[in-house]
Amino acid sequence: MSTNDNTSTLKSTIDAVTGAAQNALGTITGNTTDQTKGEAKQHKADAENDASQATVKIPGFTATASGVSKDDPDRTAGAYAQTVGSAKETLGGLIGSESLKASGRQQNQEGQEREAKGQAKDYVSGVGDRVTGTIGSAVAGITGNQKAQADYQEQHDSGKTQQRGAEHDIKKKADAEYDASQ
């Protein structure tokens, strides 16, 4: 576990479990102080979890509590191709050009595939950086190398931001597809 103030899903989960245990112990023993402290720890864990999952997307970038990362170029190019493809498809429909409409549909589909490829690359890279950063930071902490520990923590945080950005876009697309099917 890092000593910085960055939010962590793992830390919030551990805090929620320990809070629940403290609350249960207070209930069993009749100690209202333990119950109250346990509930407070659970509420804090919920807030930490929400902060850990918070993601802000702007074109080409992702921002989280852990930092800012640039999206894979395929994500940006894919989103652009989808926009242009949709415009062509709409224009083709308005002027009655089936070839322009079909061309737009194809460009939109290719853009979706390219964006998905970029999302997958960002997700895998982010997870890899988080794992490498976590393990490296732990080893550096054991050996007392604070500079390496800080560098590995930065790698972890960058990976977390990259992963969260991909997750945000993937969830957004899944939600849109679900809503369209309803």
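Read-outs: derived from the displayed coordinates by stated rules, not from any lab. These numbers were taken from a predicted model, which means no experiment stands behind them. Positions of Cβ are generated from backbone atoms using ideal geometry, with glycine treated the same way; all protein chains shown enter the neighbour counts.
What to note about this one:
- When only the Cβ of Lys, Arg, Asp and Glu is charged (+1, +1, -1, -1), the dipole of segment 94-180 relative to its Cα centre reaches about 80 debye.
- Proxy reagent accessibility, fewest Cβ within 10 Å first, across Thr32, Thr18, Thr76, Thr62: Thr32, Thr18, Thr76, Thr62
- Within the chain: Cβ-based charge dipole about Cα centre, in debye rounded to nearest 20 (Lys, Arg +1; Asp, Glu -1): 160
- Taking amide hydrogens as placed 1.01 Å from N in the peptide plane, the amide H of Phe61 sits under 5 Å from those of Asp71, each at least 5 positions away in sequence or on another chain.
- Straight-distance candidates among the lysines for linking to Lys173, with alpha-carbon spacing under 30 Å and chain neighbours fewer than 8 residues away dropped: Lys11, Lys57, Lys70, Lys88, Lys101, Lys117, Lys121, Lys160.
- Karplus-derived 3J(HN,Hα), 6.51/-1.76/1.60, for each residue of segment 111-118, Hz, glycine and proline x: x, 4, 5, 5, 5, 4, 4, x
- Which of Thr90, Thr29 has the fewest Cβ neighbours within 10 Å, and the rest in rising order: Thr29, Thr90
- FRET efficiency, 1/(1 + (r/R0)^6) with R0 25 Å, evaluated for Ala138 and Lys44 via beta carbons: 0.55
- Charge dipole of the chain about the Cα centre (unit charges at C-beta), most positive-ward option of Gln22, Ala138, Gln182: Ala138
- Sorted largest first, the principal axis extents computed over the alpha-carbon atoms of the chain equal 76, 44, 19 Å.
- Two-decimal ratio, segment 120-182, of alpha-carbon radius of gyration to 2.2 N^0.38 Å: 1.51
- Calculated from backbone phi, Karplus (6.51, -1.76, 1.60) coupling profile of segment 164-172 in Hz, x at Gly/Pro: 4, x, 5, 4, 4, 5, 5, 5, 4
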